[in-house]
Amino acid sequence: MLTGKELPFVKKGFSKSEKLFKKKNALVANGISTLVPFFIDEARGAILKDVDGNIYIDFYSGIGSVNAGHCVSTVISAINKQSEKYLHTCFMITPYEPYLKLAETLTKVVPIKDDKKVAFFNSGAEAVENAIKIAKAYTKRKGIISFSNAFHGRTLMAMSLTSKVKPYKHEFGPFASEVYKVPSAYCYRCPFGKEYGKCSMECLDYIEQFFVSEVDPSDIAAMIIEPIQGEGGFIVQPKEFMLGLEAICKKHGIVFIVDEIQTGFARTGKMFAVEHYDINPDIITLAKSIASGIPLSAVVGKKNIMDSVGPGRIGGTYGGNPIACASGTATIEYIEKNSLVEKSNEIGNYIIRRLKKLQKENDYMGDIRGLGSMIAVEFIEKNNKKPNKVLASKIIKECIKNGLVVISAGVFGNVIRFLPPLVITDEQLEKAMNIFEKAINKIQ
Ligand SMILES: Cc1ncc(COP(=O)(O)O)c(C=O)c1O
């Protein structure tokens, strides 16, 4: 059994994994692709062990789903305890207490300042779909605004709100109607050619202009944005931009939805990213790290908005499954008891320090950005800012070969993102950055 304190060790070959990949290729649809050359056997803390016994440091946390670490003992106990009582009844028919317990916890920790209510679903995309349904019912309007570089999921509405064409949208249209895209504040590649700090937030002015040329704001039900665009490349939205969007929504009676599916639960050095912005969203969508890897998502919103949808109009067979809710409550308790918010900042500061030092000797490292331990670096071509996807992919491959699992992001695929579990040890963190540094020095 892993202790979670191990260090990487990739010397045992891949014979068992290779056999499993043959089986995967025969059985699993091509669209379900995989990144690493191994199958997993065990995971604990920030450590992964493959079926051949090789050990890796996890720097992607199941794409941001295990902020509290793999297999937290109190989470496992809560899951086991609940599983001995009942696995499923369907809350909409026969309700149960674990649903209420987690809902109560979320109303305490989610930073919406008004009275709140909660609804549970299964995936991030499903939370987004339902947040939009609620906003439409509340406003009796049809239009939705989302942003360039956004990712909100793979179901029809969520995909329509999403920005990256390949692989997420190509050939999957037609998309949901009345979805409008406006530019996000991607300051490193400002769509208005400006420089942050010297600009006058042309990205905000654009929206008012857009209300004249494209759609009247009275037709818009909701605006949805990730405070740090995750899949889009960890693009941190500036405070002025988020405050400006909130003001636009308020002025026009538009429901302001903040998607915290990837940024939530201590990832950004606050329990939720909106705490960096002093905004008060109408609705927040949550998933991923809410339940340490058990499928669960939530829509948390202002009471009057949430209650605008009548009985039976939202829900789902499994939404708020009791095992998932028990896991969620135990996960949040663990995050709070173990000060993972503070830990998130410490980890992030260390990663940034190492990256900035590396950048001094490397012409291919562009923008280094992030909040807390949601950190990314853009790889670019020498002497210009053109995205360098090939280099990023090679570095990722080399890291994995040496026992560090990192993944890419960005509409151009040239961003490497760092999302370690927040329980990573100092020794593992140092080792991880050593592997990354070695990979860069070898590949560039
Ligand atoms: C910000 C954001 N929203 C929504 C989703 C979709 O979540 P899921 O894959 O659970 O449907 C993701 C997933 O990466 C995400 O990062």
* Beta bridges by DSSP in the stretch 75-337, antiparallel share as percent, to the nearest 5 -> 45
* Asked: What ³J(HN,Hα) values, in whole Hz, does the Karplus curve 6.51 cos²θ - 1.76 cosθ + 1.60 give for the stretch 169-180 when θ = phi - 60°, with x put for Gly and Pro?
  -> 10, 3, 6, 9, x, x, 8, 4, 7, 6, 9, 10
* For the chain, what proportion of DSSP beta bridges, expressed in % and rounded to the nearest 5, is antiparallel? -> 70
* Pop a pseudo-label 7 angstrom from the Cα along the beta-carbon direction at both LYS81 and ALA247 and give the gap in nm to one decimal. => 4.8
* **nm² value of the averaged projected area, convex hull over the Cα atoms of the stretch 303-411** => 11.8
* To do: Using R₀ = 51 Å, calculate the FRET efficiency as 1/(1 + (r/R₀)^6) where r is the Cβ-Cβ separation of LYS142 and SER73; round to 0.05.
  => 0.60
* **Relative contact order for the stretch 153-202, counting Cα pairs under 8 Å that sit 6 or more residues apart, in percent** => 26
* To do: Report the antiparallel proportion of the DSSP beta bridges in the stretch 126-236 as a percent, rounded to a multiple of 5.
  => 20
* **Mean Cβ count within 10 Å, highest first, over the residues of peptides 50-63, 315-328** => 315-328, 50-63
* To do: Using only the alpha-carbon atoms of the chain, report the extent along each of the three principal axes, biggest first, to the nearest angstrom.
  => 61, 61, 44
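Just want the ordering: SER344, SER73, SER160, SER148, from fewest to most Cβ atoms lying within 10 Å of their own Cβ.
Going from sparsest to densest Cβ surroundings: SER73, SER148, SER160, SER344.
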* Quick one: check the C-alpha center-to-center distance for the stretch 267-313 versus the stretch 404-426, whole angstrom. => 24
* Normalised alpha carbon radius of gyration of the stretch 75-337 [divisor 2.2 N^0.38 Å] -> 1.00
* Given H placed on each backbone N at 1.01 Å, which residues far from GLU42 in sequence or on other chains put an amide H within less than 5 Å of it? -> LYS49
* **Computed label-point distance, nm, for sites LYS24 and GLU381 using a 7 Å Cα→Cβ extension** => 3.3
* **Fewest-first ranking of THR331, THR155, THR162, using other Cβ atoms within 10 Å as the exposure measure** => THR155, THR162, THR331
* Structure fact -> When LEU371, LEU48 are arranged by how many other beta-carbons sit within 10 Å of their Cβ, fewest first, they go LEU371, LEU48
* Structure fact -> Here FRET efficiency (C-beta to C-beta, PHE172 to GLU214, R₀ 22 Å, nearest 0.05) is 0.40
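Working out 0.36 nm times the residue gap between TYR196 and GLU430, then minus their Cα-Cα distance, what length gain in nm do you get to one decimal?
Gain on extension, TYR196 to GLU430, equals 81.0 nm.
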* Based on the mean of other beta carbon atoms within 10 Å per residue, what is the order of 190-201, 270-281, 109-120, 378-389, most packed first? -> 270-281, 109-120, 378-389, 190-201
* Structure fact -> Loop-resident GluC sites (Glu not before Pro) in the stretch 28-110 with no more than 12 other Cβ atoms inside 10 Å, DSSP not H/G/I/E/B, are GLU84
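FYI, it's all coordinate maths here, none of it is from the lab. Computed from a prediction, not measured in an experiment: that's the story for all the values here. Here the Cβ is made from the backbone with ideal geometry for all residues, glycine too, and neighbour counts use every protein chain on show.
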